[in-house]
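Asks: Okay, handing you the structure first.
We did not get these values from a lab; they are worked out from the coordinates using the rules stated. Owing to the predicted nature of the structure, the values given are computational and were not obtained by experimental measurement. Don't worry about glycine lacking a Cβ; one is built from the backbone with ideal geometry, like all the others, and counts go over all protein chains shown.
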Amino acid sequence: MAATPDTMQQAPRHGIVDWRGVLRQAALSRALDDLEESKLVPERKVLYQFSARGHEITQVLLGKQLTFARDAVAGYYRSRPLLLTLGLTVEQALASTTMHAGGMSEGRDIGVVFNLPRRDGACALPVCGGVGTQYTPAVGWAQALRYRERVLGDQRCAGSIAVAHGGDASTATNGFWAALNIVTTERLPFLFFIEDNGYGISVPSGMQTPGGNIARNLAAFGGLRVIDGDGCDPAVAAGLIEDAVAGVRGGDGPALLRLTVPRLSGHSGQDTQTYKSAREIASERERDPLLALRAQIVPRLMSADEWNSEVAQGKAEVAEAWARVERSAAPDPRRIGRYVFSERAADGSIELQQQGGILPDGAATVAGTTQANPQGPRINLVTAVRRTLEHELQVNKRVLVFGEDVGRKGGVHAATLGLQEKFGAARVFDTSLSEEGIIGRAVGMAAAGLMPVPEIQFRKYADPAAEQLNDCGTMRWRTANRFAAPMVVRIPGGFFKCGDPWHSQSNEVQWVHGIGWHVVMPSNAQDAVGLLRSALRGNDPTIFFEHRALLDGGWARRAYPGDDFVVPFGKASVLRQGTAVTVVTWGAMVERCEQAIERSGLSAELIDLRTLSPWDRETTLASVRKTRRCLIVHEDTITAGFGAEIAAVIAKQAFFDLDAPIERLAMPDVPSPHNPLLLDAVLPSADSIARALADLAEI
Ligand SMILES: Cc1ncc(C[n+]2csc(CCOP(=O)(O)OP(=O)(O)O)c2C)c(N)n1
């Protein structure tokens, strides 16, 4: 049901609003902004201030509606009043902005970039600094609600909703449109809560959407209920918010609620608003929703004295909280390296994040065996992937596999062939063509206690998802182990019979550089099974790179090593022992290196790293110390490729053990070419590797 602009703002229909409670929360938020703006910013105790002045009442009214056990909010830097209403304490808020221990990131992130883990009651997914990044993770939460209720039988999800909170400028982002397409096509329990303050820093709303009103422009969008109204009128706003939330809870499908509010301070503490006229600033002040609230409830519901006393109480509470926070400890710089990845305590138990992934949600860790138990004929790598996915889907109902063409077609590489028939469309499904949507959705699903396994169709097409991938990787660290989003992102890539700049890119080093990601690159079917299973049973996000040349490659075929077989990360496989030179490689280059060594007749040690993050320094260094020579071979382009990192470590750790400079053989710095003739000219081949080996042995 789409509303027309004329019907959008209707008379409020609302239950009893606890206006005193609304005032109390709003006064707290205003007092926090007062303290920060007048004292903590000038004293440089807050380095980045984002005032919520003008946004308080609407956010508090929304927060008071989010009472269901599994409601979730994905907000942004101006969401503090909403988070305070959901349960963030004033002390936590101040410890966050003033960068103390006890803040929601322990001083690691900007203080308004919050999170609020919760078992029962509305939680707040970790906020990111990137505008628009909140939308697709909220979509994932909404889809997980439906999955948990229908498939896992989690009745606490019934009626719960996901809310994405953003400003007017955020509606111009990829994330917003990706989310809009998904929630409307899937009819998810999702609310876009847009507070339109007329500006994105200094750029007016008319630059973000024609005419400056996203609600009007979306009035005819299929499958979306659109509501538009004046957020400066608390009574009207209360009715519209209640109505919007009730509709989504009641199964009407997704809704977008746009409320106009004034931004009563600069965008941030640094912003002097020179782009606004004095008249405009004055008229914004007159639209302050707190003034309107006062006019609406004094003296009807409370006396002026009572109002003043509530405001004074808010100020006092904030002052007391600051007195405690000021005396509290600063974060410990010695801990700054902690929680990039899941960690174990001294007794071996996992130091669990509070939310995200299947383990905090009560699922047990499943042990595997590193002992391969080869069964049946040799299978190709794509079959190995499919069989492992199938088994893990079988034993873990929280595993979900999705991506473009993954469902009915079974994937453009056939890795998921038959899985939808077997496990149903709730667990193995197609997505819209939006990589931002695929990965962002996976983030929200992981936050909701599932194990998402998104597929990116080809390596280069991960680019539109780069922001979500990066933010997923840093989540554990920036929330100081409060949240994590373990998932397995399967990405086919690398050359096949030919190359090209789109489908054949390798560039695995980008993810090694992406903080918080494990990066796995198997060279054969047996390792693929063990590494994929380790990733699916792990507690961190993993990029699982499926090399296109290996999917059906003869050399990579191995017998299936068993349903419990795992390969731990960071353990290289030494495929050949040798004494004259060490060859370090991974992925599709392993086969070529083996051929080259055979051709060269040299006694070369061949190391298949298997995982690049973490990578097995010990095995590599021990080998180089023995052979005193090292050749690193990779398909990725040479400059700042992962070989440079390996070379730097060897040069530092084994300098006096070397008899020759460390050599690298890799693609020159050009994109992958299409004509096989051109591809052969740039890709390391068995011949060029053999030549490099011979040269190195002679030095
Ligand atoms: C992806 C991205 N681009 C640019 C920025 C810099 N930036 C921060 S806030 C902002 C404006 C956002 O305005 P809006 O969404 O309307 O929210 P408001 O600040 O008005 O509440 C910009 C451009 C950013 N944080 N992220």
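Asks: Per-residue counts of other Cβ atoms within 10 Å, averaged by peptide: what ranking do you get for 157-164, 100-107, highest first?
Replies: Highest to lowest by the protection proxy: 157-164, 100-107.
Asks: Efficiency by 1/(1 + (r/R0)^6): what FRET value for Arg617 and Lys409, r their Cβ-Cβ distance, R0 = 56 Å, to the nearest 0.05?
Replies: With a Förster radius of 56 Å, E is 0.85.
Asks: For the pair Gln270/Gln313, report the inter-label distance in nm, with labels modelled 7 Å from Cα in the Cβ direction.
Replies: Here the answer is 3.9 nm between the modelled labels.
Asks: Take every DSSP beta bridge whose two residues both sit in the chain, then give the antiparallel share in percent to the nearest 5.
Replies: About 20 percent, rounded to the nearest 5.
Asks: Points 7 angstrom from Cα along the Cβ direction at Arg628 and Trp555: gap in nanometres?
Replies: Going by the 7 Å Cα→Cβ label model, 2.9 nm.
Asks: Report, to the nearest 10°, how far helix 642-653 tilts away from the longest principal axis of the Cα atoms in the chain, using its own Cα long axis and a range of 0 to 90°.
Replies: It is inclined by approximately 70 degrees.
Asks: Now, a different point. Sum up the charges of everything whose Cβ sits under 11 Å from the Cβ of Pro673, counting Lys and Arg as +1 and Asp and Glu as -1, but leave Pro673 out.
Replies: So the surrounding residues net to -2.
Asks: If you don't mind, another one. Angle between the Cα long axis of helix 589-600 and the longest principal axis of the chain, 0 to 90 degrees, nearest 10?
Replies: So the helix axis and the longest Cα principal axis differ by about 20 degrees.
Asks: In addition: Please give the length that would be gained between Glu351 and Ser303 if that part of the chain were fully extended, namely 0.36 nm times their separation in residues minus their C-alpha to C-alpha distance (nm, one decimal).
Replies: 12.1 nm
Asks: Give me the extension gain from Ala220 to Thr89: residue separation times 0.36 nm, minus the current Cα-Cα distance, reported in nm with one decimal. Walk me through the intermediate numbers first.
Replies: Details: separation 131, 0.36 × 131 = 47.16 nm, distance 4.05 nm.
My answer for the length gained is 43.1 nm.
Asks: Then there is this: Helix 466-478 versus the longest principal axis of the chain: what is the Cα-based angle in degrees, 0 to 90, to the nearest 10?
Replies: Relative to the chain, helix 466-478 is tipped by roughly 80 degrees.
Asks: Mind checking which aspartates and glutamates have their Cα closer than 14 Å to the Cα of Lys276? Skip sequence neighbours fewer than 8 apart in that chain.
Replies: Cα-Cα hits under 14 Å: Glu284.
Asks: What nm distance separates the two modelled labels at Glu645 and Lys497, each placed 7 Å from Cα along Cα→Cβ?
Replies: The modelled label-to-label distance comes out at 3.4 nm.
Asks: Follow-up question, since we're still on this one. Place a point 7 Å from Cα of Ser432 in the direction of its Cβ. Which residues in segment 258-282 have their backbone N less than 19 Å from it?
Replies: 258
Asks: Step by step: find N for the chain, compute 2.2 N^0.38 Å, then divide the Cα radius of gyration by it. What's the final number?
Replies: 1.05
Asks: What's the longest uninterrupted piece of the chain once you rule out the trypsin sites (Lys or Arg not before Pro) that are loop residues per DSSP with at most 13 other Cβ within 10 Å?
Replies: In short, 498-699.
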